[in-house]
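**Student:** Here it is, the structure in full.
The values are calculated or read from the model by the stated rules, or taken from the named source; none is laboratory data. Please read these numbers as outputs of a predicted model, since none were measured by experiment. For neighbour counting, all protein chains shown are included, and Cβ atoms are generated from backbone atoms with ideal geometry for every residue, glycine included. Note: areas computed on protein heavy atoms with side chains; ligands, DNA, RNA excluded. Shrake-Rupley method; radii C 1.70, N 1.55, O 1.52, S 1.80 Å.
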Amino acid sequence: GYSAEISASGIPEGIPGLTLLLGLAGYLVGFGIETVADWQKSRFKSDPSNPNKNRWCNVGLWSRSRHPNYFGEMIVWWSLFLMSQPIAPLSTVASPLFVMSLLLFVSGIPMLEAQHDEKYGADPDYLRYKEETPVLVPKL
């Protein structure tokens, strides 16, 4: 099996410190993006004083990406993969690829984009939002 001895520094032996550090930083950034995006959308939709609460969310991270939560989720999975290298088998790349495939091609983005297109497709503000806002990778 695959195992790692823990060194005196607390870092599993076999994982370079830089790889672990980059993976951990990526994980924290991705988890932060996903959490903040979900919180912003929840707050947007549940605010009784928001006249746009029944429309698409376009505030905060949602003004930079149409699916920032999925972007964060993908960063999390790729960061976990990075942190597991080189002690885990290379086949563990299947996990981030699977999640990414689901979100990009199956149940995530395509499904939500189709629902939004059906619901808001005649709204010129939505069409402008869709044209100006990247699907996944946030604009800076």
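**Student:** With respect to Ser3, is the statement that it is modelled with pLDDT of 95 or more, out of contact with any Phe, Trp or Tyr (no Cβ under 6 Å at 6 or more places or on another chain), open to solvent by 70 Å² or more (accessible area, probe 1.4 Å) and farther than 21 Å from Phe71 by Cα true?
**Tutor:** It is false that Ser3 is modelled with pLDDT of 95 or more, out of contact with any Phe, Trp or Tyr (no Cβ under 6 Å at 6 or more places or on another chain), open to solvent by 70 Å² or more (accessible area, probe 1.4 Å) and farther than 21 Å from Phe71 by Cα.
**Student:** Any residue at all in the stretch 64-79 that is more than 17 Å from Ile33 (Cα to Cα), in a helix (DSSP H, G or I) and under 17 Å from the mean Cα position of the chain (by Cα)?
**Tutor:** Within the stretch 64-79, none of the residues are more than 17 Å from Ile33 (Cα to Cα), in a helix (DSSP H, G or I) and under 17 Å from the mean Cα position of the chain (by Cα).
**Student:** On the given criteria, is Val76 modelled with pLDDT of 95 or more, open to solvent by 80 Å² or more (accessible area, probe 1.4 Å) and within 26 Å of Leu20 (Cα to Cα)?
**Tutor:** No: the conditions fail for Val76.
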